[in-house]
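Here is the structure we will look at.
The values are calculated or read from the model by the stated rules, or taken from the named source; none is laboratory data. These numbers were taken from a predicted model, which means no experiment stands behind them. No Cβ is skipped: glycine too gets one built from the backbone with ideal geometry, and neighbour counts run over all protein chains shown. In case anyone asks, the SASA skips ligands and DNA or RNA and just uses the protein heavy atoms, side chains included. Shrake-Rupley method; radii C 1.70, N 1.55, O 1.52, S 1.80 Å.
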Amino acid sequence: MFLCLLSCREDFVHFARICFESFGHKVKHWATINEANLFVDMAYIRGWYPPSHCSPPFGKCSAGNSDVEPLIALHNMILAHGKAVKIYRQEFQGKQGGSIGIVLHAMWYEPLRANNELDQQAVTRGLAFGVGWLLDPLVYGDYPSEMRLFLGDALPRFTVDEMDYLKGSIDYIGINHYLTLYAKDCLHSSCAPGGSDHAIRGYVYTTGDRDGVPIGQPTGNARFFVVPGGLKNIVNYMKQRYNNMPMYVTENGYAPPPGEEVQLNQILHDVKRIDYHKSYLAAVASSIRDGADVRGYFAWSLMDNFEWIDGYTVRYGLYYVDRTTLKRIPKISALWYRDFLANSSGNGLDLTQYHGRLEQDLRVAGLEDL
């Protein structure tokens, strides 16, 4: 899977062509790959996702090289994207009138040690290795200079022809944002074991707490914290690094910490999810007022679903799904979000207006006694 060089690229382009031919008359916003940078991290560095390749100290897998394979895999994904976009623009975009981009997992960092120049440099490297690794080739035609400096010949090189069709190969940037973490320098400082002192990590250690204090309120994922300013910062970073290219926040959402929202009544009265989306939407609005070309925001997710290796143990949905009957019940957040989109929710949060509608939905679903 994306270690197969030419064959997997050609397979991807063939698949993309079928999609353009079959659905291009309806689909006007294409994203070639979702979270390619996160995929190579989880599949080829940590080994948590298929094909589960890794090597110590990142993990113990039956196969893999965490320092080399992710570079090859993402290189192939970038080239596959570029070829698919080239075909779309040459054969389909003119008559179908759509746009095409890519979606990345976009983290923001703050220096772990305040006013520490080394940690500020670690933030810069972390963003280059996290964001620039995927987007720089698609905007400028090559990898970030920071990556070339530390990875050397291990980082694959593009041919002149490849650089030509990769440069400018996105019409928009899709931003999936959940994480803001502290970053610490591991190039000139000692760091905890685990791989942060390897070039593939940019010699950056990341953590969610400083001196035992979390960077934000906890959520259902161990390293996901509520830090609305992180979304504003990453959007502004994209605006500056990529010449204010059109952006969409394609994923942003909240899952409650373990032990919260256990009973159905608690699950449906998800006030913290409303607070989360209000604060992050305010952050996006602030970026827009600062001139960022953000054209959309998508709440993750419509309904509680199967979340990768977490399965059904974390719930991001605006709708609750009864796993026995498969009935979908709107949570209070769904009612609020509907009113927000209709510009009728107001500035305050009066939950009493939603209780009646929620009880009615439960009666319809036959769940009023739960």
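Numbers for the structure displayed
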| read-out | value |
| --- | --- |
| Protection-proxy order for peptides 200-211, 142-153, each taking the mean of Cβ atoms within 10 Å per residue, highest first | 200-211, 142-153 |
| In degrees, nearest ten, helix 271-289 long axis to first principal axis of the chain (Cα) | 50 |
| Mean separation of Cα contacts under 8 Å (6+ apart) over length of the chain, as relative contact order % | 12 |
| Those lysines that a straight Cα-Cα span of less than 25 Å connects to K331, excepting residues fewer than 8 apart in one chain | K272, K278 |
| Cα gyration tensor shape for the range 169-231, rounded if a/c is under 1.5, else prolate or oblate | oblate |
| Net dipole in debye of the range 1-82 [+1 Lys, Arg Cβ; -1 Asp, Glu Cβ; about Cα centre; nearest 20] | 200 |
| Degrees separating the helix 228-241 axis from the principal Cα axis of the chain, which is the longest one | 30 |
| In sequence order, calculated HN-Hα J values of the range 174-179 (Karplus, 6.51, -1.76, 1.60; Hz; x Gly/Pro) | x, 10, 9, 10, 9, 10 |
| Proximal lysines to K167, defined as alpha-carbon separation beneath 22 angstrom and excluding residues fewer than eight positions away on the same chain | K28, K83, K86, K239 |
| Amide hydrogen neighbours beyond the local backbone of S99, cut-off 5 Å, H modeled | H29, W30 |
| Acute angle (nearest 10 degrees) that the helix 117-127 long axis makes with the longest principal axis of the chain, alpha-carbon atoms | 80 |
| Descending principal axes extents, the range 47-175, alpha-carbon based, whole Å | 52, 41, 27 |
| Cut-off under 5 Å, modelled amide H: who pairs with S66 long-range | S55 |
| Beta bridge orientation in the chain: antiparallel %, DSSP, nearest 5 | 35 |
| Descending semi-axes in whole angstrom, ellipsoid equivalent of the range 135-201, from the Cα gyration tensor | 28, 18, 8 |
| Burial order of peptide ranges 264-277, 98-111 (average beta-carbon count within 10 Å, highest first) | 98-111, 264-277 |
| Burial ranking of peptide ranges 239-245, 127-133, 320-326 (average Cβ count within 10 Å, highest at the top) | 127-133, 239-245, 320-326 |
| Unit charges at the beta carbon, dipole of the chain: most positive-side option, H14, L281, F58 | H14 |
| Charged-residue dipole, Cβ positions (Lys, Arg, Asp, Glu), the range 191-271 about Cα centre, Debye nearest 20 | 460 |
| Cβ-based charge dipole, the chain, positive-most Cα from A31, Q90, H269 | Q90 |
| For the chain, Cys with no neighbouring Cys Cβ under 4.7 Å | C19 |
| Estimated [θ] at 222 nm from DSSP helical runs (n ≥ 4, -39500 (n - 2.57)) normalised by residues in the chain, nearest 500 | -11500 deg cm²/dmol |
| Å² of accessible area per residue within the chain, as computed with a 1.4 Å probe and no ligands counted | 46 |
| Farthest toward positive dipole pole in the range 32-163 [+1 Lys/Arg, -1 Asp/Glu at C-beta], among L151, Q120, V131 | V131 |
| Coordinate range along principal axes, alpha carbons of the chain, Å, largest first | 63, 57, 46 |
| Apportionment of accessible area to carbon and sulfur, the chain, percent (1.4 Å) | 54 |
| Placed amide H near Y203: partners under 5 Å, 5+ positions off or other chain | H198 |
